[in-house]
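Notes to accompany the following structure.
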Amino acid sequence: RNGGTIWMKALTSWGASGNWPAPNRKGRSGKGSSSKESLKRLPFWLSRRAMWVLYSMIATFVIAQIIVNVFVASSKKSSTTAGNKVKDSPDKPVERIRGQEDKRWISLHNEYAQESRNAHSIDVVFFGDSITQHMLNSQAWEEITKMHKVLNFGVGGDRTQHLLWRMDNGELEFKQAPKAVVIMIGTNNLGVDRPAEIAEGAFKAVDRVRQKYPTTIILLVAIPPRSKFAENPIRRDRQLYNEILEQRAAELGSSVRFVAFPDNEVLHPSTREFSRKYTVDFVHLTNRVVVVAVAPSPPSPLPRECKR
């Protein structure tokens, strides 16, 4: 608006200098004509209306340019964000960085790596995610620690690729080979990766233990049920994943043992629903769940059944 006023003042001043008749002020005009009659004789491109049209066109162009710049910047940001969210491969080691602003994951890993280097004559090491980690607060863990020297290297939220990274970066640095290693991993991959891909990652973890400690017995534990209802796709993926683990473990000889999860103990016999009596959130288990595990000998076997 101010710009248009300035333009009109300039044009009026130019007209007053003799280039066209100036507007009549109180009847004082060169030829006695009115202001409106003088303006009517102006070319359109010099009229007030033309100035407003020009001003509107400039404003429209500027606004359009701003919108285009915002859209381009937003598109670049979206493409960058998408690039940062490329799906990790379940069988390739990946450091867990996203969502770890508090450095909790790497801090816990460093603690585990230090325990691995300082440990002596360990009987059993448990690797896994939050299901393994939560065993620390269970009755089953109390029973196990009474008979065996054990370590728990479970990290909540971990997937197979995160476990591989942890193993490659210090959590398999025992001075003496553990008598047994228990691995239960993969539940956090469900719904993201295919069962065969998750199993590939799990067996990469098995391979790392076998290569470093050939005499160590490896217990590959099936993951517990997921979701309340049997028809949930994740429940089907979980079943297929466990079946792949069992088949492939059988091909590796007696040093690798598959441990099935006691589904019949926690699922309804007809509907196969997962009862809240046995699960906190249809992922993690309560202390009422029966854990069936067979440990190597020596040392003495782990309890076949203990309340968790």
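The values are calculated or read from the model by the stated rules, or taken from the named source; none is laboratory data. All of these numbers come straight from a predicted model, not from anything done at the bench. FYI the Cβ positions are ideal-geometry reconstructions off the backbone, even for glycines, and counts take in every protein chain you see. Just so you know, the surface numbers come from the protein's heavy atoms only, side chains and all, with ligands and any DNA or RNA stripped out. Shrake-Rupley method; radii C 1.70, N 1.55, O 1.52, S 1.80 Å.
Using a ≥ b ≥ c from the Cα gyration tensor of the range 125-231 (square roots of the eigenvalues), is it rounded, prolate or oblate, where a/c under 1.5 gives rounded and otherwise the larger of a/b and b/c decides, a/b for prolate? Taking the square roots of the gyration eigenvalues as a ≥ b ≥ c, the range 125-231 is oblate. Here's how it looks for LEU219: its modeled amide H is under 5 Å from those of VAL181, VAL182, ILE183, ARG257, which are all 5 or more places away or on a different chain. A convex hull fitted around the alpha carbon atoms of the range 157-292 yields 114 Å³ per residue.
Of the heavy-atom accessible surface of the range 191-274 (probe 1.4 angstrom), what whole percent is carbon and sulfur?
Within the range 191-274, the accessible surface is 50 percent carbon and sulfur.
Amide H contacts of GLY186: THR160, each under 5 Å away and 5 or more positions distant or on a separate chain (H built 1.01 Å from N in the peptide plane; Pro and chain starts excluded). Shown here for the range 174-250: GluC sites (Glu not before Pro) in loop regions (DSSP other than H, G, I, E, B) with at most 16 other Cβ atoms within 10 Å, namely GLU231.
Of all the accessible heavy-atom surface of the range 87-145, with the other protein chains kept in place and a 1.4 Å probe, what percent is carbon and sulfur? Percent of accessible area from carbon and sulfur atoms in the range 87-145: 47.
In loop segments of the range 109-218 as defined by DSSP, the trypsin sites (Lys or Arg not before Pro) with at most 13 further C-beta atoms inside 10 Å of their C-beta are LYS175. Rounded to whole numbers, the Karplus 3J(HN,Hα) couplings from phi for the range 94-104 are 9, 6, 7, 10, 4, x, 10, 4, 7, 6, 5 Hz, using 6.51 cos²θ - 1.76 cosθ + 1.60 with θ = phi - 60°, and x at Gly and Pro. Think of a 1.4 Å ball rolled over the protein heavy atoms: the range 179-252 then has 42 Å² of accessible area per residue.
Among the chymotrypsin sites (Phe, Trp or Tyr not before Pro) in the range 222-262, those placed in a DSSP loop whose Cβ has at most 16 other Cβ atoms within 10 Å are PHE229. Per-residue Karplus couplings for the range 163-173, computed as 6.51 cos²θ - 1.76 cosθ + 1.60 with θ equal to phi - 60°, are listed in order as 5, 4, 5, 4, 5, 6, 10, x, 8, 10, 10 Hz, Gly and Pro entered as x. A cut-off of 5 Å between modelled amide H atoms, ignoring neighbours fewer than 5 places along the same chain, links THR279 with THR286. Along the range 185-197 the Karplus relation, 6.51 cos²θ - 1.76 cosθ + 1.60 evaluated at θ = phi - 60°, assigns HN-Hα couplings of 8, x, 5, 6, 7, 4, x, 10, 10, 6, x, 5, 5 Hz to successive residues, with x for each Gly and Pro.
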